[in-house]
There are 2 protein chains.
Amino acid sequence: MSIHPRAESLRIREQLTKHVQSGVVSLAGLIAHGRGEAFDYLLGEETRQSALNAIKVSAGALLIAKKPVLSVNGNVAALCSRELVELAEATGAKLEVNLYHRFPGRDSAIEKLLKEAGAREVLGVGEAASAQIDEVHSDRRKVDPEGILISDTVFVPLEDGDRTEALRRMGKTVIAVDLNPLSRTAQLASITIVDNIVRAMPLLVSEAKKLKSRSLEELRKEVASFDNREALSDAMRAMEERLRDLSFKGVYIDLHGNK
Amino acid sequence: MSIHPRAESLRIREQLTKHVQSGVVSLAGLIAHGRGEAFDYLLGEETRQSALNAIKVSAGALLIAKKPVLSVNGNVAALCSRELVELAEATGAKLEVNLYHRFPGRDSAIEKLLKEAGAREVLGVGEAASAQIDEVHSDRRKVDPEGILISDTVFVPLEDGDRTEALRRMGKTVIAVDLNPLSRTAQLASITIVDNIVRAMPLLVSEAKKLKSRSLEELRKEVASFDNREALSDAMRAMEERLRDLSFKGVYIDLHGNK
């Protein structure tokens, strides 16, 4: 057992806290990241086979979509701007900033990050987020009429359940990345990738590049046969098992200091 | 199922983020809070019987201690200053500021909060934290020679495993509050209260007041017969069960939008 949290999770935390100053990451975003860390710990901090499968199907769903959009919030921009741009390029998807808290200047700070990572166009910034989604009670209801509003498939990493449900009711295919398989987002998305965004994004990019050579018909079949219930059940089973495993491995010191 | 996180957890989040500005709560503290939220969710967000038992034994351990100290960090000060002062009064314990990151002015901001809540004396502020604990690699090693250093029992809510182990090696009784029963802190403490600090603190205060009338001998017996393994196992079992329960109750929408 290592004494300190491993270097990788410290690096990610620093990446996020660094972006609090620039306004990209909100304080609520830090708390949300902590929740993710706990679920990732229970998941064993690895991409499970079922998540890899969900990633493949997600890449396919983005490739077969007519109007795919990648929705970008503060945490995802802080952690994965480069991969978001690569995924947009590989799948022909548009990038749109969509935020729970649209603090002044936050959307343009995120646009700046994405442009520095190579994005040519970023939707949903400032006045461009002029359309509204019904039944969403946060700033997430504000969408771009050229983007999420008219999309058929939306990639919503680190989303809230409220908007996931609204987007599904609008008939869109929703792809979520969520470490909590029990969250409303995870439960209500069409395809849920139960994995750490930092591990999932590079895999999603490489799968999208690989699947490009496949026929649309093949991809459509694979997407249609995907069972999200199964993916979620597998993640929950993994967490249950890990809780059981870890509870056997406990390092105790008794009340008198004996290990 | 409610659409928004409940009022109480929003209130707690606001309480913490409010104190980021004053320097009491660190950004790392917000991430740590998120981890706690996830484990609390799995715990069912209630004080279990086993936690209540650990709380009673903890109150007893503080009452029988010769030199009890309550260690105070940013999150605990932001959420429970009043209860910390009440617990110190009920048990004769001293209050000592102890921080993972001792940013300039942070210790005195916490002292101010505690004094506003009625504390007469606060150890570990500024130059007073002049002693060091071996084998602790953060600012947590800096302790007050009048407090933690010479204490026999230390209450360390929301602690790191590193210092918990060091304090145990020094022969002290360590009482931890930790929502993750698998953490090193939870595993290495003498008594672990697996509960939300916000629920546990008022209970700890009322138990300490109640147990004051009991004889030291009686209290000593109860503390000596406490089995921390059992307390931790119960919490882990509860989480496993809840994962199983919730996974049966899933609300899915299939790929075509049917609930």
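Structure notes:
- Which listed residue, of B:Leu188, B:Leu203, B:Leu167, B:Leu158, is farther than 21 Å from B:Gly74 by Cβ, out of contact with any Leu (no Cβ under 8 Å at 6 or more places or on another chain) and aliphatic (A, V, I, L, M): B:Leu188
- Evaluation of A:Arg229 against (1) open to solvent by 50 Å² or more (accessible area, probe 1.4 Å); (2) at pLDDT 95 or above; (3) within 14 Å of chain B (Cβ to nearest Cβ) (one fails), failing number: (2)
- Residue check for A:Leu84: away from every other protein chain (no Cβ under 13 Å) and of a type in the set (A, V, I, L, M, F, W, C): yes
- Considered as a group, the residues in the stretch A:211-225 that are among the small types (Gly, Ala, Ser) and open to solvent by 70 Å² or more (accessible area, probe 1.4 Å) include one that is farthest from the other protein chains (Cβ to nearest Cβ), and that residue is A:Ser213.
- For the stretch A:114-165, the set of residues classified as in a helix (DSSP H, G or I) and crowded, with 23+ Cβ neighbours inside 10 Å consists of A:Leu114, A:Arg140, A:Ile148, A:Arg163, A:Thr164, listed by residue number.
This table checks each residue for (1) over 15 Å from the mean Cα position of the chain (by Cα); (2) farther than 28 Å from B:Glu14 by Cβ.
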{"site": "A:Val24", "(1), (2)": "yes, no"}
{"site": "A:Gly29", "(1), (2)": "no, no"}
{"site": "A:Arg48", "(1), (2)": "yes, yes"}
{"site": "A:Leu52", "(1), (2)": "no, yes"}
{"site": "A:Lys56", "(1), (2)": "no, yes"}
{"site": "A:Ala59", "(1), (2)": "no, yes"}
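- Failed item, numbered, when B:Ala38 is tested on (1) within 10 Å of another protein chain (Cβ to nearest Cβ); (2) among the small types (Gly, Ala, Ser); (3) surrounded by 20 or more Cβ atoms within 10 Å (Cβ to Cβ); (4) in contact (Cβ under 8 Å) with a residue 24 or more places away in the chain: (4)
- Tally of residues being assigned to a loop (DSSP other than H, G, I, E, B) and either of a type in the set (Gly, Ala, Ser) or surrounded by fewer than 20 Cβ atoms within 10 Å (Cβ to Cβ) (or both) across the stretch A:1-35: 9
- Residue check, A:Ser50 more than 13 Å from chain B (Cβ to nearest Cβ), open to solvent by 10 Å² or more (accessible area, probe 1.4 Å), touching a residue at least 12 places away in the same chain (Cβ under 8 Å) and assigned to a helix (DSSP H, G or I): yes
- When we screen A:Val72, A:Val57 for residues that are under 19 Å from A:Pro157 (Cα atoms) and either away from every other protein chain (no Cβ under 13 Å) or surrounded by fewer than 23 Cβ atoms within 10 Å (Cβ to Cβ) (or both), the only hit is A:Val72.
The values are calculated or read from the model by the stated rules, or taken from the named source; none is laboratory data. Predicted model, so just to flag it, every value in this text is computed and none were measured. For neighbour counting, all protein chains shown are included, and Cβ atoms are generated from backbone atoms with ideal geometry for every residue, glycine included. Each accessible area value is taken on the protein alone, full model and side chains, heavy atoms only, with ligands, DNA and RNA left out. Shrake-Rupley method; radii C 1.70, N 1.55, O 1.52, S 1.80 Å.
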